[in-house]
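Worksheet: the structure to be examined is printed underneath.
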There are 2 protein chains.
Amino acid sequence: MNSIKVGLLGVGNVGGGTFDVLKRNQEEIRRRAGRGIEVVAVSARNLERARTRTHGEVRVVADPFEIVDDPSIDIVVELIGGYDTARELVMRAIANGKHVVTANKALLAVHGNEIFKAAQEKGVMVAFEAAVAGGIPIIKALREGLTANRVQWLAGIINGTTNFILSEMRDKGLDFDTVLKEAQALGYAEADPTFDIEGVDAAHKATILSAIAFGIPVQFAKAHVEGITKLEAIDIRYAEELGYRIKLLGIAKRTRVDGADGIELRVHPTLIPAKRLIANVEGAMNAVLVQGDAIGATLYYGKGAGAEPTASAVIADLVDITRLATADPEHRVPHLAFQPDELADIAILPMAEITTSYYLRMRVADQPGVLADLTRILADSGISIDAMMQKEPGEGEVQADIIMLTHQTQEKKVLAAIARMEGLPTVLGSVTKIRLENLA
Amino acid sequence: MNSIKVGLLGVGNVGGGTFDVLKRNQEEIRRRAGRGIEVVAVSARNLERARTRTHGEVRVVADPFEIVDDPSIDIVVELIGGYDTARELVMRAIANGKHVVTANKALLAVHGNEIFKAAQEKGVMVAFEAAVAGGIPIIKALREGLTANRVQWLAGIINGTTNFILSEMRDKGLDFDTVLKEAQALGYAEADPTFDIEGVDAAHKATILSAIAFGIPVQFAKAHVEGITKLEAIDIRYAEELGYRIKLLGIAKRTRVDGADGIELRVHPTLIPAKRLIANVEGAMNAVLVQGDAIGATLYYGKGAGAEPTASAVIADLVDITRLATADPEHRVPHLAFQPDELADIAILPMAEITTSYYLRMRVADQPGVLADLTRILADSGISIDAMMQKEPGEGEVQADIIMLTHQTQEKKVLAAIARMEGLPTVLGSVTKIRLENLA
């Protein structure tokens with residue numbers, strides 16, 4: 001049988017990795033897929049570099065639309081990134097009846113609904129395993145492996161840059177800015193790291209995961225996005241003393257508020273018990289923990305970025321498409337795990353409505369009655385305390401740190417309590433609040 | 001569209017769980033699969049109990065062949081276990097043009113080649129996610145998620161009973177027999193635990209994993225099978241002191257011996273570095289670590305047994321079949337991950353030929369020259385030492401324990417060295433040998 005013809009839009013890190021792995025493992029892949037899978041054309045801004053990268057073995061073009069419009073190409077792999085051009089290319093590839101593979105989480109988190117609708121109507125597949133957690137087959141696990149389950153929640157370390165930074169901050173007791181510079185020097189963080197450290201990248205991925213876990217449209221605009229830039233070394237240390245690690249988690253959770261179903265979709269630094277397996281995922285590694293009603297907890301761990309790990313996911317999608325191209329489009333695995341006409345209209349909750357536990361740290365004047373005032377405020381707000389730690393003032397200091405871990409409560413109650421605490425004359429400065437998930 | 005009609009052969013633990021989950025999550029599953037999936041008949045030896053279990057909602061028959069021959073049933077789920085009757089039922093279901101889902105690892109590890117061949121010829125699917133690691137979608141991950149990779153090795157904690165026993169032995173410092181009784185009382189071990197504690201169950205699963213990882217036929221007869229019954233509490237403690245945990249691993253590894261490709265397929269207690277994520281998989285949980293050339297290491301973790309976790313895998317297979325039933329059979333995901341005419345003929349190596357590291361413990365007379373003799377034997381055999389620990393003799397004793405960790409070497413060299421060591425008059429009794437894998 002003829003080989004499947006692939007065109008790569010972009011032949012940088014992931015594109016180059018995809019080219020290399022497809023070539024190196026072509027025999028292994030053909031034995032699995034039943035047909036060869038072959039890159040026949042790539043588009044790139046720098047033609048010379050692209051030719052060198054592909055050893056002069058494939059057609060190199062400057063205009064990606066040339067590939068998208070090429071009738072000899074079966075599958076387009078979009079690795080350009082960004083929103084506008086990528087969207088135009090993907091939509092035109094679909095309109096031309098081509099299957100698409102993309103690693104572009106930003107595109108799917110924002111324009112996914114439109115893209116999947118167009119693909120559905122045209123009867124082509126848009127596959128995106130590489131968009132979340134690099135090579136880890138988490139999309140496949142959620143979409144196909146856990147179909148028996150009502151997914152209750154998932155929580156993932158889905159941004160390697162921030163996990164690397166947090167691991168280093170903890171290991172070496174360094175502050176955020178210092179470690180960020182180190183991460184940039186080592187290539188773990190980009191020159192402009194905003195998307196990573198502000199949680200945007202993780203929120204793109206969490207948005208995609210929430211859609212396939214719960215059968216809802218992608219709704220990036222409603223995700224709560226909070227990065228690690230304000231995290232202080234002292235909180236990492238105090239968390240450690242209390243038996244917790246701080247990780248940037250992408251969380252999607254089914255919940256009920258006032259008798260109605262709701263979805264929590266949020267990215268923020270989170271205390272998790274140090275003994276959990278996922279708390280021990282260090283460096284640039286990724287992991288996603290999924291809780292289903294039948295299966296209980298499952299964890300998926302691996303490299304979340306890098307040329308060949310991401311290429312591994314891109315090629316898995318190419319093989320899937322090759323294997324399943326003959327399936328009646330109505331019977332293929334639906335893009336968002338649920339049949340397109342079966343997506344649910346469940347509201348994504350505003351942060352004030354979410355329920356979780358909290359780590360609160362405040363600096364207080366070391367004088368009688370402080371603790372009584374603080375605990376009274378929490379009691380009045382209906383918030384109960386799970387653990388408390390008061391640190392002795394440093395030599396010659398008259399201020400002490402108090403750390404409280406709360407039981408589960410609603411965010412709006414905590415915000416109100418914090419406002420009252422900060423109004424106390426004995427509480428100095430603002431109260432630090434970090435959410436805590438037990439993940440049990 | 002009409003719902004898919006399922007017949008369950010056996011409605012015990014897993015069958016009951018499958019019935020429950022299909023019913024409880026029917027709406028969620030229909031939204032995913034595009035069609036309802038409905039149990040319409042079950043077979044059971046105890047009709048009354050089966051009727052109670054299924055609330056009188058489905059047809060209950062005594063003869064499983066009645067279900068297999070029923071033209072109204074689309075998919076047969078085999079949950080009887082064992083070899084002979086199960087094989088006959090599965091083969092007849094296939095002959096009748098029905099798709100089959102089975103959780104029966106023993107059947108597939110021994111008769112899989114014949115079963116998959118028959119299914120291929122008849123154009124039906126035989127799905128078996130539940131056969132390995134319960135609900136964890138490891139079959140799907142290997143067969144579809146990692147298709148880009150040349151799998152280099154995999155190592156799994158794939159028997160919950162033995163992992164529970166080993167966790168308890170370590171936690172409480174108890175010996176094997178005591179913990180086995182506890183495990184039986186708690187329901188973690190069966191009344192006849194032979195298949196679990198002797199490593200047979202893990203070897204069935206490792207055999208299936210080796211086939212889909214490397215594209216070879218299932219060859220259970222060639223697997224090395226070694227359980228945990230001879231493991232002593234003292235070795236768990238010494239391993240701990242050296243920074244290792246002991247786990248019963250199922251290992252499948254690609255290797256080269258004398259210029260020829262070979263496969264290692266073995267189940268045995270194994271020292272692994274305590275800091276590895278998989279070393280921290282405790283109790284009855286399962287986990288499989290897979291090393292691919294593109295993706296690096298990935299880990300899959302979850303419940304490896306139990307009614308609903310296993311049902312989760314059974315139902316995932318039912319949804320897969322429902323979704324993909326219209327695919328041209330030539331284009332479906334092949335049973336053993338590789339196209340049936342593309343299986344490779346790579347020899348599974350005898351244990352003497354495998355390469356790994358070793359933990360050796362010997363009791364020696366506390367006198368000069370002993371260590372010199374022992375290290376000379378290893379040096380003569382070309383085995384180098386990675387770490388060594390000599391324990392002081394106990395109060396009033398004149399014998400000391402020596403523990404050595406070797407670098408990678410061939411099993412036959414180690415066996416020869418051990419034979420020489422045991423011939424020394426200063427070495428008392430036999431040398432304990434436990435294999436060690438770095439999993440890096």
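Since every read-out is calculated from the coordinates, none of them should be taken as a lab result. None of the values given here were measured: they were computed from a predicted structure. Note that we place each Cβ from the backbone using ideal geometry, even for glycine, and neighbour counts take in every protein chain shown.
Position B:D192: other-copy label points at 6.9 nm, ordered by increasing distance, label point 7 Å along Cα→C-beta.
How many angstrom separate the Cα center of the range A:402-428 from the Cα center of the range A:274-310? So the two Cα centres are separated by 32 Å.
Look at the alpha carbon pairs under 8 Å that are at least 6 residues apart: their mean separation over the length of the range A:176-245 gives a relative contact order of 30 percent.
For B:V21, B:V151, which order do you get if you count the other beta carbons within 10 Å of each Cβ and list the fewest first?
Details: B:V21 27, B:V151 24.
Going from sparsest to densest Cβ surroundings: B:V151, B:V21.
Cross-link partners for B:K98 among the lysines, with Cα-Cα distance under 20 Å and sequence neighbours closer than 8 places in the same chain left out: B:K5, B:K117, B:K122.
Lys/Arg Cβ at +1, Asp/Glu Cβ at -1, dipole of the range A:271-429 taken about the Cα centre: which of A:L371, A:G292, A:L415 is farthest positive-ward? Ranked along the dipole, the leading option is A:L371.
Please state the relative contact order of chain A as a whole percent: Cα pairs under 8 Å, 6+ residues apart?
On the way: 921 pairs, mean separation 70.6, N = 440.
This gives 16 percent for chain A.
3J(HN,Hα) along the range A:151-160: 6, 8, 7, 9, 9, x, 8, 10, 9, x Hz, from the Karplus curve 6.51 cos²θ - 1.76 cosθ + 1.60 with θ = phi - 60°, whole Hz, x for Gly and Pro. The C-alpha atoms of chain A define a longest principal axis, and helix A:176-186 lies at about 20 degrees to it. Close amide H contacts of B:D386 (hydrogens built in the peptide plane, cut-off under 5 Å, sequence separation of 5 or more or a different chain): B:L405, B:T406, B:H407.
Compute the relative contact order of the range A:199-297 as a whole-number percentage, counting only Cα pairs closer than 8 Å that sit 6 or more residues apart in sequence. Could the numbers behind the result be given before it?
Details: 137 pairs, mean separation 27.0, N = 99.
Taking the mean separation of contacting Cα pairs over the length of the range A:199-297, I get 27 percent.
In nanometres and ascending order, the distances from the B:L428 label point to those of the other copies are 6.5 (point 7 Å from Cα along Cα→Cβ). Computed from Cα positions, the angle between helix A:84-95 and the longest principal axis of chain A comes to roughly 50 degrees. When the GluC sites (Glu not before Pro) in the range A:338-440 are filtered for DSSP coil states and for at most 11 other beta-carbon atoms within 10 Å of their beta-carbon, the remaining sites are A:E395, A:E397. Listing A:D235, A:D196, B:D341 from fewest to most neighbouring C-beta atoms within 10 Å gives B:D341, A:D235, A:D196.
Among A:M389, B:M1, which comes first, then next, by fewest other beta-carbon atoms within 10 Å?
Numbers: A:M389 13, B:M1 9.
Ranked by crowding around the Cβ, least crowded first: B:M1, A:M389.
Taking θ as phi - 60° and the Karplus parameters 6.51, -1.76 and 1.60, the scalar couplings of the range B:415-427 work out to 4, 5, 5, 4, 4, 5, 4, 5, x, 6, x, 7, 9 Hz in sequence order, x denoting glycine and proline.
Couplings 3J(HN,Hα) of the range A:317-333, computed from phi: 5, 4, 5, 4, 5, 4, 5, 9, 4, 7, 5, 3, x, 5, 10, 6, 5 Hz, in residue order, whole Hz [Karplus 6.51 cos²θ - 1.76 cosθ + 1.60, θ = phi - 60°; x for Gly and Pro]. Chain B comes nearest to the axis taking it onto chain A at the Cβ of one residue; that residue and its distance, in whole Å, are B:A327, 2. Sorted shortest first, the distances from the B:R237 label point to those of the same residue in the other copies are 3.7 nm; each point sits 7 Å from Cα along Cα-to-Cβ.
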